[in-house]
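Input: a single structure, listed below in structure tokens.
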Amino acid sequence: MDLDQLNEIACAMVAPGKGILAADESTGTIGKRFASINLDSTPDSRRDWREMLFRTEPAMSDRISGVILYDETIRQSAQDGTPLTKLITDAGSIPGIKVDTGAKPLAGAEGETITEGLDGLRDRLADYYELGARFAKWRAVINIGAKGDEAVPSQYCINTNMHALARYAALCQEANIVPIVEPEVIMDGDHSIERCYEVTEFSLKTLYRELFDQGVVLEGTILKPNMVISGTQAADRAGPEEVADMTVQCLANCVPAAVPGIAFLSGGQSDEEATHHLSLMNGSYDLPWPLTFSYGRALQAAPLQVWGGKAENVAAGQAAFNHRAKMNGLAALGEYEPEMEKEFA
Ligand code: 13P
């Protein structure tokens, strides 16, 4: 393990004003996204979509520090034959790879999942390093039960998922790949923001205990957490200041200062909401780590709709991606105001 290299990559991933593009949707998930624009999901249509994003300037050079890829994408080439990973590195950005194989039902635990993908991971990581990946991602899924149901998440679910995350992270570091550890507390449900805080705290405390037990060096990791936020169907949803406040408080209580940076997932927030929350956190608190974005939907929803799968819309799709990347880059500096959406559109 080359700790200096790991730390250097981790710091570059959270460089000031930059964040990560999560373009690692599985074939099933990207199929659902394409269905919303009536586009068939084929290897070529998936390539065209991602090629359009990776060729977008100045977004890629100025705002996107790294791109999380899916297994198919890291092996694909652009229409002119250039490997997609080369488009990313030519822009000064870093290719990364999703290595988990998805969340599967957790045995004996109704409504809960365990993320799989540890079998053969050592060999897959060596292969991905050769293909250019310098960081990886593994997503654990923690559901919150309906209001009044304290049984979900169970301690069993949290323990097994955080144990797997730490096993993944240790293997990544052995392969000189920076692990993004992503314990996602899911936003779906009618739970309060306080319940989200409690579950996020429980998950993060368990995660850092497991990372310690398994010898993972925090200086060579990135955390990708959910924000502390009300459930999507909650009756009284907390406002942006409360989300920022409780998220910062939760992270400050759980995440060691040695972690080089924190890059949030958007998790079903609207794109403007996700940007606003990030900016509030960066603008109002004195924090031991940089906070930035590692958004999937919140970066891609707008360009996807504008592009619509049509070659004649590539320039407009890229303009939409440039806009969201710029807004989020400003949010990573705490300099975004919602009024900018119109001013820069
Ligand atoms: P969202 O920002 O759409 O939640 O996706 C980020 C991600 O990588 C989830 O694993």
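Inspection of the stretch 202-209 finds a residue satisfying the criterion of being within 16 Å of the ligand (Cβ to nearest atom) and under 27 Å from Thr29 (Cβ atoms). When residues in the stretch 70-82 are screened for being open to solvent by 30 Å² or more (accessible area, probe 1.4 Å) and in contact (Cβ under 8 Å) with a residue 40 or more places away in the chain, 3 of them pass. Taken as a whole, the structure leaves Gly215 outside the set of residues that are crowded, with 18+ Cβ neighbours inside 10 Å and either touching a residue at least 60 places away in the same chain (Cβ under 8 Å) or assigned to a loop (DSSP other than H, G, I, E, B) (or both).
Mind checking which helices (runs of 4 or more DSSP H) fall wholly inside the stretch 276-345 and carry at least 2 residues that are in contact (Cβ under 8 Å) with a residue 40 or more places away in the chain and more than 24 Å from Arg55 (Cβ to Cβ)?
Values: elements: 297-307, 314-332, 340-343.
Result: empty, no element qualifies.
The requirement of being modelled with pLDDT under 95, more than 16 Å from the ligand (Cβ to nearest atom) and among the hydrophobic types (A, V, I, L, M, F, W, C) is fulfilled somewhere in the stretch 227-240, by at least one residue. Can Ser266 be described as in a loop (DSSP other than H, G, I, E, B) and within 16 Å of the ligand (Cβ to nearest atom)? Considered against the rule, which asks whether it is in a loop (DSSP other than H, G, I, E, B) and within 16 Å of the ligand (Cβ to nearest atom), Ser266 comes out as yes.
The values are calculated or read from the model by the stated rules, or taken from the named source; none is laboratory data. Keep in mind that this is a model prediction, so the values were computed, not measured. As a convention, Cβ positions derive from the backbone with ideal geometry for all residues, glycine included, and neighbour counts pool all protein chains shown. What goes into the accessible areas is simple: the full protein's heavy atoms, side chains included, and nothing from ligands, DNA or RNA. Shrake-Rupley method; radii C 1.70, N 1.55, O 1.52, S 1.80 Å.
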